[in-house]
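Trainee: Before anything else, here's the structure in question.
None of the figures in this text is laboratory data; all of them are computed from the coordinates on show. Computed from a predicted model, the values in this text were never measured in an experiment. Note that we place each Cβ from the backbone using ideal geometry, even for glycine, and neighbour counts take in every protein chain shown.
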Amino acid sequence: MRCDYDKLSLYVDDELDKVDIIEFEEHLLECKDCKADLELLLQLKKELRYVNPYDVPDNFHDDLMKNIKPKKTWYKYCVGLAASLLVVVGSYSLYAGEISNEPELMMTRHLGEPVANVLWEVEAVDKAVVEELKFYIDSNSLNITYFEDTGQIHLITFDIDDYLDIGEYINSHQDFTSIIPPANLPSISDIVINYPLD
C-alpha cells in the first residue's frame, strides 16, 4: 500500500472499515512517515478536545462563500472567451501550417525530384539500414520525430544535440551517402533519407 493521507485522516477519525484498518495498520509498520504523521494528528486531536466550541453566526457559510468566490462580470467572461478563441485559432493556424502543408510538400516528392525545405538529404543502401536507424533513435530516447513515405523517411527534431547525435550516427555508417550536405542548423532540423524499395 502507498501512503494515503485520506486514509490516515479517516483512521484518526475512526471512520475506516475493518479491512481498511488492517491494511492501514500493516502499512504503518513499514512506513515511518505515515507513523510520524499519525502521531502528530492524534496529538492534535487530543489537544482540540480542550478548545472551547465557538458558535458561528447563521449567515457565516454564505458570507464565507461570497468572499471565496469572486463575482464574475460579463466583461471577465468576454475576455476569457476571446482569449480561448485566440488560442484555438492560433493553434489551428500553427497545426495547419506546420503539420499539414510542409509534410505534404515533402511527402509528395518522389526520388529524383528537387527537394524543398530540406536541410540534409541522404541515401541509404536499403530499408534494413533505415530500420536500424529507427531502432537507434528509439533505444536512445532521442527527441526525433520520424515519418515515412514510399522509399523515404523524414527525421525532424527541435533539439540541436539530437540532430548532431543522429548526424554523427549517419556519418559513421558507410551505408549512408549524402546527396545534399547538411545545411546550417535552424530551429527545426530536417533530414530526409531515401532508400530503395525491395
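Trainee: With a ≥ b ≥ c the root eigenvalues of the C-alpha gyration tensor of the stretch 5-54, is it rounded (a/c under 1.5), prolate (a/b larger than b/c) or oblate?
Mentor: Taking the square roots of the gyration eigenvalues as a ≥ b ≥ c, the stretch 5-54 is oblate.
Trainee: Students often get this wrong, so check it: of 18/46; 45/66; 7/45, which have C-alpha atoms separated by over 18 Å?
Mentor: Values: 18/46 23 Å; 45/66 30 Å; 7/45 16 Å.
Where the Cα-Cα span goes over 18 Å, the pairs concerned are 18/46; 45/66.
Trainee: Mind listing the long-range amide H neighbours of residue 123? Cut-off is under 5 Å, sequence gap 5 or more, other chains count too, H placed in the peptide plane at 1.01 Å from N.
Mentor: 177, 178, 179, 194
Trainee: Then there's this: In the neighborhood of residue 129, defined by Cβ-to-Cβ distances under 11 Å, what is the net charge if each Lys or Arg adds +1 and each Asp or Glu adds -1?
Mentor: After counting each charged neighbour, the total is -3.
Trainee: Let me ask another. Under a 5 Å amide H to amide H cut-off, with H placed in plane at 1.01 Å, what residues pair with residue 152 once short-range neighbours are removed?
Mentor: Under 5 Å from the amide H of residue 152: 195.
Trainee: What are the ³J(HN,Hα) values, in whole Hz, obtained from phi via the Karplus relation 6.51 cos²θ - 1.76 cosθ + 1.60 with θ = phi - 60°, for each residue of the stretch 18-30 in sequence order, with x given for Gly and Pro?
Mentor: Computed from phi, the couplings for the stretch 18-30 are 4, 4, 5, 4, 4, 4, 5, 5, 5, 5, 4, 5, 9 Hz.
Trainee: Sticking with this one: Summing +1 for each Lys or Arg and -1 for each Asp or Glu, what net charge is found among the other residues whose Cβ lies under 15 Å from the Cβ of residue 45? Mind dumping the intermediate values first?
Mentor: Working: positive: 46, 49; negative: 13, 14, 15, 37, 39, 47.
Within the 15 Å Cβ shell, the charges total -4.
Trainee: Next up: Using θ = phi - 60° and the Karplus curve 6.51 cos²θ - 1.76 cosθ + 1.60, what whole-Hz ³J(HN,Hα) does each residue of the stretch 150-166 get, with Gly and Pro shown as x?
Mentor: 4, x, 7, 10, 10, 10, 10, 8, 9, 9, 4, 4, 5, 4, 5, 4, 5
Trainee: Between beta-carbons, use under 12 Å as the cut-off and find the net charge around residue 17, counting Lys and Arg +1, Asp and Glu -1.
Mentor: So the environment of residue 17 carries a net charge of -2.
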